[in-house]
Amino acid sequence: MNWIDADTEAPLTLRINGAPHSLRIDTRVTLLDVLREHLGLTGSKKGCDHGQCGACTVLVNGRRINSCLSLAMMHGDDEITTIEGIGAPGSLHPLQSAFIDADGFQCGYCTPGQICSALGMLQEAAAGWPSHASEQLEGEQPLDTAEIRERMSGNLCRCAAYPRIVEAIATYAATLAEPPA
Ligand code: FES
Ligand code: FES
């Protein structure tokens, strides 16, 4: 059979931000394009479409991925979280508030990806995953500036707001380490 003539559409139900979305899509479409073009969830941004900028970062079962590199059809059994599911005007996630307080963005294009990526990164560090900057390979990974920069190095910011981004993430991470009041 000539693949060009094949029926490339298939039904798919994606669970995004806690809600199911049933679609019929081209099986070759990326998760990023489904989010943006089919579901109107435009918080996830397309920067490079090649896995190099991190603007499209979303959480899949709590882990960060570049949604431009992942076919939507792979995620029928997954729990997907986009920036729209993390916070909204009037009910911001504390990390979003930390970005505002630290002035951690300029144009804001990279920010949804930065925030999704940071939330995934913090879970990785909490689980004891080392990074290239880690001085130890096991145990708790302290999140100093070098660690945060290294762990967030997959998320580019064309406005070069990096110092403020790191500050925002560090401020939020410190609140996680505080004992409950
Ligand atoms: Fe996905 Fe750049 S748009 S990594
Ligand atoms: Fe403009 Fe990061 S704030 S690209």
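Summary table
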| item | result |
| --- | --- |
| Hits in the stretch 53-94 - residues which are within 15 Å of ligand 2 (Cβ to nearest atom) and either assigned to a strand (DSSP E or B) or under 14 Å from I169 (Cβ atoms) (or both) | G54, T57 |
| Tally, over the stretch 92-110, of residues that are closer than 15 Å to P163 by Cβ and either buried (at least 16 other Cβ atoms within 10 Å of the Cβ) or basic (K, R) (or both) | 6 |
| Lone unmet requirement of (1) out of contact with any Asp or Glu (no Cβ under 7 Å at 6 or more places or on another chain); (2) within 15 Å of ligand 1 (Cβ to nearest atom) for V60 | (1) |
| Single residue of L137, L156, L119 found to be in contact with a Leu (Cβ under 9 Å, 6 or more places away or on another chain) and either part of a loop (DSSP other than H, G, I, E, B) or under 23 Å from T42 (Cβ atoms) (or both) | L119 |
| Cβ pairs under 9 Å, 6+ apart, first in the stretch 93-119 and without any contact (Cβ under 8 Å) to a residue 12 or more places away in the chain, second within 8 Å of ligand 2 (Cβ to nearest atom) | G108/C159 |
| Sole residue being modelled with pLDDT of 95 or more, within 14 Å of ligand 1 (Cβ to nearest atom), small (G, A, S) and more than 30 Å from P163 (Cβ to Cβ), chosen from S117, S22, S70 | S70 |
| Residue satisfying condition, being out of contact with any strand residue (DSSP E or B) (no Cβ under 6 Å at 6 or more places or on another chain), farther than 19 Å from C68 by Cβ and assigned to a helix (DSSP H, G or I), within set S131, S97 | S97 |
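A quick yes/no check of all residues on (1) of a type in the set (K, R); (2) within 16 Å of ligand 2 (Cβ to nearest atom); (3) touching a Gly at 6+ places or on another chain (Cβ under 9 Å); (4) closer than 22 Å to A88 by Cβ:
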{"site": "S117", "(1), (2), (3), (4)": "no, yes, yes, yes"}
{"site": "A125", "(1), (2), (3), (4)": "no, no, no, no"}
{"site": "L156", "(1), (2), (3), (4)": "no, yes, yes, no"}
{"site": "A160", "(1), (2), (3), (4)": "no, yes, no, no"}
{"site": "I165", "(1), (2), (3), (4)": "no, yes, yes, yes"}
{"site": "E178", "(1), (2), (3), (4)": "no, no, no, no"}
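Quick grid of which residues meet (1) at pLDDT 95 or above; (2) more than 16 Å from ligand 1 (Cβ to nearest atom); (3) under 30 Å from I25 (Cα atoms); (4) under 16 Å from the mean Cα position of the chain (by Cα):
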residue	(1), (2), (3), (4)
G76	yes, yes, yes, no
Q106	yes, yes, no, no
G113	yes, no, yes, yes
Q141	no, yes, no, no
E167	yes, yes, no, no
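The values are calculated or read from the model by the stated rules, or taken from the named source; none is laboratory data. None of these values were measured; they are calculated from a predicted model. Heads up, the Cβs are rebuilt from the backbone with ideal geometry, glycines too, and the neighbour counts pull from every protein chain shown.
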